[in-house]
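Quick notes on the structure that follows.
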Amino acid sequence: MDKIVIFGGERLRGEARIHGAKNAALLIQCAALLTERVSTLRHVPKLSDIHTMSSLLTHLGCTVEGDRTVVVDPTQVADGPLEAPYDLVKTMRAAVTVMGPLLARYGHCRVSLPGGCAIGARPIDQHLRGLEALGAKIVLKHGYVELKARRLRGASFVFDTVTVGGTQNLMMAATLAKGTSRLENVAREPEVEELAIVLNKMGARIRGAGTSMIEVEGVDELDGFDHAVVPDRIEAGTLAVAAAITRGNVVLVDAPVDHMHATLAKLEEAGAECRVEPGGLRVIGPDRLEPIDVSTRPYPGFPTDMQAQMMVLAACADGQSLITETIFENRFMHVPELCRMGAEITVQGNSAVVRGGARLTGAEVMATDLRASASLVLAGLVASGKTEVRRVYHLDRGYESIEKRLRALGAKIQRRKDGRA
């Protein structure tokens, strides 16, 4: 097992190119199951979650080749088990989104329930209710969901709560349904819109992605796709916070600025300069950060995946900030670790009061989930002395070689083998 070791206090300077979006790439990989033709996905980040999805597609019968450019040949899927096993689904919840494509294309599948999650329950009831509305027969037994449908039929469905995965699952399933589907109260995230773009390239008829209502006119078959993944707005946001808190000057090449308005607004509120230039997005950190109030919301609101990183910024600011988490009930698990580094944070229900201005000091800390691990790395960049972040396999799920990226910008950071579990 690896750990990240950081000696803080360095200003970040230079350029960093933003990789492809993990959350978009994962679902586009799933979309390859909707066709019998070969599909090609470009600008793919090298992440453990991407590898897990490739392993699942291989288990289902696909031939998957490449890393930065991934080629998926699904011609043998019909001969496979059409099952997503627990060993794969438990490590990555996005695996449940093979339900929609498999059910729509082959008429049946068996998918493990995802089980617990460090940042909250994250149930899939909306996925199942939506697929049932499209005509699926669903049986839950022995920890698995078994789904059958001779052919899905178009229907209207209103989500009780906004769910990105549920929206994507139903949108994919509806592409091959008979008739037109109307999905309301859907997620508006850029990753949903990106998936719709790919599905339409395949011959689907989808309107409204990026709004709160999506219409899908079903077709009889879909073609393969050739698509380059949009840059990752969360990776870009994380590096932007790194520049801001270190009083740095960093250009984020290919940063998807149009998808980052909520994050950039809070950075500017804190005193950072965020400037779009021909080379990308330049972020310049101020000598003194101002306190901020943040409340996570579904897109286009402030993303929950940036909450932990922004809490580090709040800890570095002069004054008191308030961070409110409205999406996941357990997403303050990084707070005790930040407090070990000297942050003054008090959790009150789903809000955290951050009293900024305290000098952070290096310590041994433990990552509990993907974005929490990113926040601990950020804290290490500004802490005095040495910080050791353990269990960084969480980090590798969503950030490609982040220690190399930060070191290229001037940080004193490296990955080492950790003898402890």
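The values are calculated or read from the model by the stated rules, or taken from the named source; none is laboratory data. Just so it is clear, the model here is predicted, and its values are computed rather than measured. With ideal geometry, Cβ positions are generated from the backbone for all residues, glycine too; neighbour counts draw on all protein chains shown.
When residues of the range 364-396 are filtered for being within 27 Å of the chain's Cα centre (by Cα), surrounded by fewer than 16 Cβ atoms within 10 Å (Cβ to Cβ) and at pLDDT 95 or above, how many remain? Total satisfying the criteria: 1. Picking from residues in the range 139-156 that are among the hydrophobic types (A, V, I, L, M, F, W, C) and crowded, with 16+ Cβ neighbours inside 10 Å, the one that is nearest to Leu183 (Cα to Cα) is Ala155. One residue stands out among those in the range 287-305 that are touching a Ser or Thr at 6+ places or on another chain (Cβ under 7 Å) and surrounded by fewer than 21 Cβ atoms within 10 Å (Cβ to Cβ): the one that is farthest from Lys22 (Cα to Cα), which is Pro291. As a summary of the residue check, Thr361 satisfies the conditions (1) crowded, with 24+ Cβ neighbours inside 10 Å; (2) of a type in the set (S, T, N, Q); (3) over 19 Å from Gly237 (Cβ atoms) except for the one numbered (1).
Of all residues in the range 3-58, those satisfying the criterion of being of a type in the set (S, T, N, Q) and under 13 Å from the mean Cα position of the chain (by Cα) are Asn23, Ser48. Contact map, the range 159-184: residues that are closer than 16 Å to Ala31 by Cβ paired with residues that are in a loop (DSSP other than H, G, I, E, B) and aromatic (Phe, Trp, Tyr), Cβ distance under 7 Å, separation 6+ or inter-chain. Pairs shown: Gly166/Phe159. Taking the conditions (1) aliphatic (A, V, I, L, M); (2) farther than 24 Å from Pro123 by Cβ; (3) under 23 Å from the mean Cα position of the chain (by Cα) in turn, Val77 satisfies each one other than (3). Pairs linking a residue in the range 194-207 that is free of Cβ contacts under 8 Å to residues at least 60 places away in the same chain to a residue that is surrounded by fewer than 17 Cβ atoms within 10 Å (Cβ to Cβ) and part of a helix (DSSP H, G or I), with Cβ atoms under 7 Å and 6 or more positions apart or on different chains, are Ile206/Asn200.
Set side by side, the residues Val257, Val283 differ, and just one is of a type in the set (Val, Ile, Thr), in contact (Cβ under 8 Å) with a residue 40 or more places away in the chain, closer than 28 Å to Glu194 by Cα and surrounded by 15 or more Cβ atoms within 10 Å (Cβ to Cβ), which is Val283. Return the pair list, or none, for Cβ contacts closer than 7 Å from residues in the range 122-144 that are modelled with pLDDT under 95 to residues that are among the basic types (Lys, Arg) and buried (at least 18 other Cβ atoms within 10 Å of the Cβ), at least 6 apart or on different chains. Pairs found: Tyr144/Arg110.
So which residues in the range 252-282 are of a type in the set (A, V, I, L, M), within 22 Å of the chain's Cα centre (by Cα) and in a strand (DSSP E or B)?
Leu252, Val253, Leu281, listed by residue number.
Within the range 36-48, is there a residue that is assigned by TED's automatic domain parsing to the domain that holds Gly218, in a loop (DSSP other than H, G, I, E, B) and either at positive phi or at pLDDT below 95 (or both)? Checking the range 36-48: at least one residue is assigned by TED's automatic domain parsing to the domain that holds Gly218, in a loop (DSSP other than H, G, I, E, B) and either at positive phi or at pLDDT below 95 (or both). Listed by first and then second residue, the pairs linking a residue in the range 48-67 that is among the hydroxyl-bearing types (Ser, Thr, Tyr) to a residue that is outside any helix (DSSP H, G or I), with Cβ atoms under 6 Å apart and 6 or more places separating them unless they lie on different chains, are Thr52/Thr91; Thr52/Met92; Ser54/Val64; Thr58/Val64; Thr63/Asp73.
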